[in-house]
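Data first, discussion second: the structure below is written as structure tokens.
Values in this text are rule-based calculations from the coordinates and carry no lab data. Predicted model only: the values in this text are computed from it and were never measured. Every residue, glycine among them, receives a Cβ derived from its backbone with ideal geometry; neighbour counts consider all protein chains shown.
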């Protein structure tokens, strides 16, 4: 149905006002980009170029403290797995020769450690305690899965950022990218999808107004 020039101008101004105030197209595009990056990094275990981040070490043994590690004995042990025993040395003994109890647990390598606490070991996915994941997703993590709505930080209606707030997380990112390569930058596909969604949603705002 045809509308007058006056009505067209009125509707057009209202759409622009909504964009200035809320900018819904940018919000939707930013949230989609956030979710796509989160899935790629923490679920699929892939770098910015699409290749796997890496594989876990199978050569270097070490000791961990069960009371402070992600495999704490205070947490429920994974079904069918040994878990981290509170006092287990390299030889399997729980006490030293002097009778003192071990405070750490010996593991064969990092892959063995993750396996024993029930974490995925087929590829690097950067999820252990969940701290890095929760900081990146700007949300609390209650399991190995992503939160329902990972969300970028809103600066203004026209600016959203994906960032790490905690220094420990930034240090982890630096160490991981020094070791494996670029992980936390948006991929070409993610950027292209962001632009496409923003464009589609912008057109939708005008279409809903009959413009």
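Quick notes on this structure:
- Using the average count of surrounding beta-carbon atoms within 10 Å as a protection proxy, the listed peptides 126-139, 155-168, 20-33, 181-194 rank, highest first, as 126-139, 20-33, 181-194, 155-168.
- Alpha carbon centroid spacing (whole Å) that separates the stretch 2-27 from the stretch 143-211: 26 Å
- For the pair residue 149 and residue 52, label points projected 7 Å from Cα toward Cβ lie 3.5 nm apart.
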